[in-house]
Amino acid sequence: MTKKIFWENPYLVELQANVTSVMGSDITVDQTIFFAESGGQESDHGFMNNHRVLKAFKASKEIIYTLDADHGLKADDRVKMVIDWERRYKLMRYHFAAEVILELVYQKWPGIEKIGAHIAQDKARIDFIWGQNISRIFPELDQEASKIIAANQTIESAFSDAEAEKRYWKIEGFSQVACGGTHLRNTGEIGQISLKRNTIGKGKERIEIFIVSTQPSRPESGSISESKEKVPFGTDIDFNPSTESAG
Ligand SMILES: [Zn+2]
C-alpha cells in the first residue's frame, strides 16, 4: 500500500520516499504526495529525483508511477519527489469549486442527476441530466456559492474508513461528502468563480466553472507552519507576506 501523504497534508510539495518495487519504467514508493487521477481530478505533474513522472495511476491501494525507461532506480533506493505546486493548487481550487457547486445543485434542485465531472487546472466541469436549460439556476447558484466562498469556512477532511481508504470532506452547517481528492482547508481559497453553460446532447447539460480571481483569500495562519509545506498560494499570485498579518 502506498501511504498517501497528500491526504494528511495536501499542501506538501516535496517528500523523501523509498522505492518499494520496480517493473520496467514503473515504480512504486512507500509514501507519496503525488496524486494519481481519481474522482475526476487529474494527476499531479512532477519529478522523482530528476526523472519526470510521465504517468501516475492507481492499482488498488498502490499508486504506480511511470518514469522514463532509463530511470535506473532500484528497490530500496531513496527518491525525492517534487510536485508542480502551481498546477496542484489550481486543481485543488477547481476541485473544491466543483464540490460546492455540485452540492448546492443537489441540495437546491433535487432531480438534477450528475453524470460526470472533470477537474483540470484551468476549468472544472460537471455534467447533468436535466430537461431544462441549466443556466436558469445560475443566478441563485452563483449567489449561494459566493456566500460560502466569502465566509471562508473551514473544510475538514478525514477518513470515514481508514482501512478501506474512504475519505470525506465536511463543512459545518453545509454538508459532508465522500471524496478521495485533495481538498483545500478553507473555502475562501477558491476565489471568485464564474459559471458557463454548455450543452452536450439532448437532455444533457454541462456547467463549466472558471475561477476568475487570481488571489484567494488569506488562509488561516496555523496552516502554513510546516517546513516543506507550500504557502497555499500559486507562484503566479502577487502576494507579499511581509505586508500581511499572519492572523
Ligand atoms: Zn473532493
Normalised contact order of the chain, rounded percent, pairs of Cα under 8 Å and 6 or more residues apart
18 percent
Expressed in nanometres to one decimal, the distance between label points 7 Å along Cα→Cβ at M1 and S146 is 4.5 nm
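At 0.36 nm per residue, and after removing the present C-alpha to C-alpha distance, how many nm does the segment from Q176 to N18 gain when stretched out fully?
Fully extending the segment from Q176 to N18 adds 53.4 nm.
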Counting Lys +1, Arg +1, Asp -1, Glu -1, what net charge surrounds A117 among other residues with beta carbon under 9 Å of its beta carbon?
+1
Cβ-based net charge around I200, under 12 Å, with every Lys or Arg adding one and every Asp or Glu removing one
+2
Got a sec? Which residues in the range 71-91 would a label at S25 touch, if it sits 7 Å along Cα→Cβ and we count backbone N under 15 Å?
71-73
Quickly estimate the mean residue ellipticity at 222 nm for the chain, helices only: each DSSP H run with n ≥ 4 gives -39500 (n - 2.57), and the total goes over all residues, rounded to 500.
-5500 deg cm²/dmol
Average the reciprocal distances over every distinct pair of alpha-carbons in the range 66-159, invert the result, and give the Kirkwood radius in Å.
16.5 Å
Name the residues whose placed amide hydrogens come within less than 5 Å of the amide hydrogen of F35, ignoring near sequence neighbours (fewer than 5 apart) on the same chain.
D44
Dipole moment magnitude, nearest 20 debye, the chain about Cα centre, only Lys, Arg, Asp, Glu C-beta charged
600 debye
Within the under-11-Å Cβ sphere about T2, not counting T2, Lys/Arg +1 and Asp/Glu -1 give a net charge of +1
Helix 85-108 against the longest principal axis of the chain: what's the angle in degrees, Cα atoms only, rounded to the nearest 10?
40 degrees
Residue by residue through the range 42-59, which ³J(HN,Hα) values in whole Hz follow from phi under the Karplus form 6.51 cos²θ - 1.76 cosθ + 1.60 (θ = phi - 60°), with glycine and proline marked x?
5, 5, 5, 10, x, 10, 10, 6, 9, 9, 5, 7, 8, 7, 9, 8, 8, 9
Please give the direction-averaged projected area of the C-alpha convex hull for the range 3-83, in square nanometres with one decimal.
4.7 nm²
Modelling each spin label as a point 7 Å along the Cα-to-Cβ direction, I'd like the F159/S194 distance in nm, to one decimal.
4.3 nm
Given charges at Cβ of Lys, Arg, Asp, Glu: the chain dipole, positive-most of I112, L15, V212:
I112
Quick one: work out the % antiparallel among DSSP beta bridges in the chain, nearest 5.
95 percent
Can you tell me the orientation of helix 138-150 relative to the chain, as the angle in degrees between its alpha-carbon axis and the longest Cα principal axis, to the nearest 10?
50 degrees
With each pseudo-label sitting 7 Å past Cα toward Cβ, what's the K166-R52 distance in nm, one decimal?
3.9 nm
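Rule-of-thumb check for the chain: C-alpha Rg over 2.2 N^0.38 Å? Intermediate values should be presented prior to the final figure.
Values: Rg = 19.0 Å, N = 247, 2.2 N^0.38 = 17.9 Å.
My calculation over the Cα atoms of the chain gives 1.06.
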In the calculated pair distance distribution of the range 30-69, what percentage of Cα-Cα distances lie above 14 Å?
42 percent
Order the peptides 184-191, 92-99, 133-140 from the highest to the lowest mean number of other Cβ atoms within 10 Å of their residues.
92-99, 184-191, 133-140
The range 1-56 and the range 93-115 have their Cα centres apart by a whole-number Å value of 29 Å
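Here, each number is a calculation from the coordinates, and none is a lab measurement. In this text the structure is predicted, and so the values were computed from the model without any measurement. Cβ: placed from backbone, ideal geometry, glycine included. Neighbour counts: every protein chain shown.
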